[in-house]
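Chemist: My structure is below; once you've seen it, I'll send some questions.
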Amino acid sequence: MTRDTGTDDPRVRIRPGKRSRPRTKVRPDWSTKPLGRVVAIDRGRYTVVLDEDGTRVQTVRAKELGRGTVIMGDRVRLTGDLSGKVDTLGRIVAVEERENVLRRSLEDAPDQRGEKAIIANASVMVIVVALADPPPRTGMIDRCLVAAYEAGMEPVLCLTKADLADPATLLDAYADFGVRSVVTTLSDTPSDKDLHQPGIEQLREIMREKWCVFVGHSGVGKSTLINAVVPQARRATGHVNEVTGRGRHTSTSSEAFELPGGGWVVDTPGVRSFGLGHVSVGDVLAVFPDVEEAAEWCLPLCSHAESETSCAIDRWVVGAKPFLPLEAAVQLETPVETSVEAESARRLSRASSVRRLLEAVATAEAASKAAR
């Protein structure tokens, strides 16, 4: 029986009726499909290295996953042609649960909202900072440290262009944080001698058998470092604009490179800012358990800044009640003997480090609110 459309005119197009059979809620089980890791993303194409044999496969994202659901470093399940041959495509059908995600808030976006996931399942963040040309910006370093701690990653401070400025001042500024640091001197086209300088060898050892990511401003030397630790990478390098003091974006897409001794390193496009809108005060305090415990005695809405006259962190630094006296804290130190002066200096250093990171979070939040 045909449906009555109300007209016999063949020129009138009638929209078909709705299906009477509902769409099934049963979804395929992808848990047994081959597993791989995303090592490059470029214009909707994802390069995945298979866990089974290391084959590099070009893939696309399944439509049901949605836009932005697959990021660098994701472990994914695949179907389709996984031979890795030219002009073949696999399909990413599922994303495994992530161990961690490095994010930055989009403070430079027009609406000042949202955040960008940079990499998943990485364990080391290498903060690349030039000692000159362009000059170092401690605010950027502080923000990267906060983002690394929030993501559960180990931060490493890598200072480049040591031939242009003395690294001692910047190293002293971050001595209290206990962050591992590396100092390098490289030209745009590293020579064989450059590839084996102590700083590069130290960086290779830190990254061995790990997933790492390089972050930093444009022009600080991220691509040059990549070419030094992975000579076959051949990343394009650029120069700093003499007028603006800023570098050009030579890396326009994220790509991971396999280290000769094992492990991977991801080169990300340079950033102007590293937003911290997704980071809370609690995230920073959690990095320093002893200071976090002291901060629990603070009044509500305490900023924990030095200007706060009633901040409990100040009482903890000097060992005042209700906290453990310095003398008692020293007695609990084993097996190394510690003086009261040394314990007091340690607490002061910890408090200063926490407040510096909290200031970075507060500054980022204030800048975001002012721009809205």
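The values are calculated or read from the model by the stated rules, or taken from the named source; none is laboratory data. Predicted, not measured: the structure shown is a model, and the values here were computed from it. Here the Cβ positions follow ideal geometry from the backbone for every residue, glycine too, while neighbour counts run over all protein chains shown. Side chains included, ligands, DNA and RNA excluded: accessible areas come from the protein's heavy atoms. Shrake-Rupley method; radii C 1.70, N 1.55, O 1.52, S 1.80 Å.
Chemist: At a Förster distance of 41 Å, what's the computed FRET efficiency of Asp42 paired with Leu195, Cβ-Cβ distance as r, to 0.05?
Modeler: On the way: r = 27 Å, r/R0 = 0.67.
Step by step, r from the Cβ atoms, then E = 0.90.
Chemist: Considering amide H positions built from the backbone, and no H for Pro or chain starts, which residues 5 or more places from Trp211, or on another chain, come under 5 Å of its amide H?
Modeler: Those lying under 5 Å, H to H, from Trp211 are Ser123, Val124, Trp264.
Chemist: Kindly rank 300-311, 120-131 from highest to lowest mean number of other beta carbons found within 10 Å of each residue.
Modeler: Details: 300-311: 12.2, 120-131: 23.2.
Top of the packing list down: 120-131, 300-311.
Chemist: Of the listed peptides 339-347, 70-78, 156-164, what is their order by residue-averaged count of other C-beta atoms within 10 Å, with the highest listed first? Show your work: numbers first, answer last.
Modeler: Details: 339-347: 14.7, 70-78: 22.0, 156-164: 19.9.
Going by the mean number of other Cβ atoms within 10 Å, highest first, we get 70-78, 156-164, 339-347.
Chemist: Just list whichever of Lys25/Lys116; Lys193/Lys222; Lys25/Lys63 have alpha carbons separated by over 25 Å in the model shown. Display every interim value, and only then the final one.
Modeler: On the way: Lys25/Lys116 31 Å; Lys193/Lys222 19 Å; Lys25/Lys63 16 Å.
Pairs exceeding the cut-off: Lys25/Lys116.
Chemist: Any chance you could run the full-extension gain for Val12 through Arg315? It's 0.36 nm times the residue separation minus the Cα-Cα distance, nm to one decimal. Please list the in-between numbers first.
Modeler: Values: separation 303, 0.36 × 303 = 109.08 nm, distance 8.25 nm.
The Val12-Arg315 span can extend by a further 100.8 nm.
Chemist: Could you tell me the calculated FRET efficiency between Glu205 and Glu293, based on Cβ-Cβ distance and R0 = 35 angstrom, to the nearest 0.05?
Modeler: Working: r = 35 Å, r/R0 = 0.99.
Working from the Cβ atoms, E equals 0.50.
Chemist: How much of His196 can a 1.4 Å solvent probe reach, expressed as accessible area in Å² and rounded to 10?
Modeler: Rounded to the nearest 10, that gives 120 Å².
Chemist: Roughly to the nearest percent, how much of the accessible area of region 35-95 is carbon and sulfur, given a 1.4 Å probe? Working shown, then result.
Modeler: Working: 1450 of 3190 Å².
Ligands and nucleic acids excluded, carbon and sulfur reach 45 percent.
Chemist: Return the distance in nm (one decimal) between the two label points of a simple spin-label model at Thr79 and Glu97, each offset 7 Å from Cα along Cα→Cβ.
Modeler: 2.4 nm
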